[in-house]
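Notes follow once the structure below has been shown.
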Amino acid sequence: MKKVFLLLTIALFAVSLPSLAESKGSLPGEISGVIKSVVVNADVTLVLVNDNERLVRMDGSESFMKNIRLRQNGTELIVDAVKKVNLKEKGVIYIYAGELTNIQVNSAAYVCSSGIIELARLDIMINGNCKILIRNIGDLQLHASDYYEFQEETRRMLIRRESLSKL
């Protein structure tokens, strides 16, 4: 009887394991504190958010979660991939934007904001064939290395202070 129960438990665990790997969740405790700078070395989708939780979070498929490596060096977050593959459609990395001052993109990443963020100044260095779509209330400075050019589209909008609380 004990053997049947043990085999049944192992079988249930094996069946639930793939669903756990594909579940959404926060990152382990190794990423903590204020993130002021982000270096993106992987072909990923990076979303800047304004939520109050101040977390770095990854959501995505099992292959996305296995291939992405996040490292923190002081206030700098470094996003790397184990393999040089396009992971933009496999998952998303969410980063709290409230303290960001600098983003360096060294890959074909897609960097965007979820809604309108409010940063006094954000410097973005382009060192890859990336796409950037950030809506910011404040100064957004784009720079490119000698090997890349960029086309900037800027739309200025007049937003009343009362309307910001509704966003």
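Here is a list: 24, 84. Which entry is loosely packed, with under 14 Cβ neighbours inside 10 Å, touching an Asp or Glu at 6+ places or on another chain (Cβ under 6 Å) and either farther than 25 Å from residue 136 by Cα or at pLDDT below 90 (or both)?
Numbers: 84 fails: touching an Asp or Glu at 6+ places or on another chain (Cβ under 6 Å).
On inspection, the qualifying residue turns out to be 24.
Pairs linking a residue in region 102-121 that is at negative phi to a residue that is polar (S, T, N, Q) and at pLDDT below 95, with Cβ atoms under 6 Å and 6 or more positions apart or on different chains, are 106/127; 108/129; 117/50; 117/136; 119/136.
Quick check on my filter: what residues within region 114-144 are part of a strand (DSSP E or B) and of a type outside the set (A, V, I, L, M, F, W, C)?
Initially, region 114-144 is screened for residues part of a strand (DSSP E or B), giving 114-117, 121-126, 131-136, 139-144.
114, 115, 121, 123, 131, 135, 136, 139, 141, 143, listed by residue number.
Among the residues making up region 50-71, those that are assigned to a strand (DSSP E or B) and loosely packed, with under 15 Cβ neighbours inside 10 Å are 69, 71. Just one of the numbered conditions (1) of a type in the set (A, V, I, L, M); (2) at pLDDT below 95; (3) surrounded by 10 or more Cβ atoms within 10 Å (Cβ to Cβ); (4) over 14 Å from the mean Cα position of the chain (by Cα) is not true of residue 157: (3). Does region 72-113 hold any residues that are under 13 Å from the mean Cα position of the chain (by Cα), over 20 Å from residue 32 (Cα atoms), of a type outside the set (Gly, Ala, Ser) and in a loop (DSSP other than H, G, I, E, B), and which are they? Of everything in region 72-113, those that are under 13 Å from the mean Cα position of the chain (by Cα), over 20 Å from residue 32 (Cα atoms), of a type outside the set (Gly, Ala, Ser) and in a loop (DSSP other than H, G, I, E, B) turn out to be 87, 88, 89, 90.
The values are calculated or read from the model by the stated rules, or taken from the named source; none is laboratory data. No experiment lies behind these values; they were computed from the predicted model shown. When we count neighbours, we look across all protein chains shown, and the Cβ atoms used for this are built from the backbone with ideal geometry, even at glycine.
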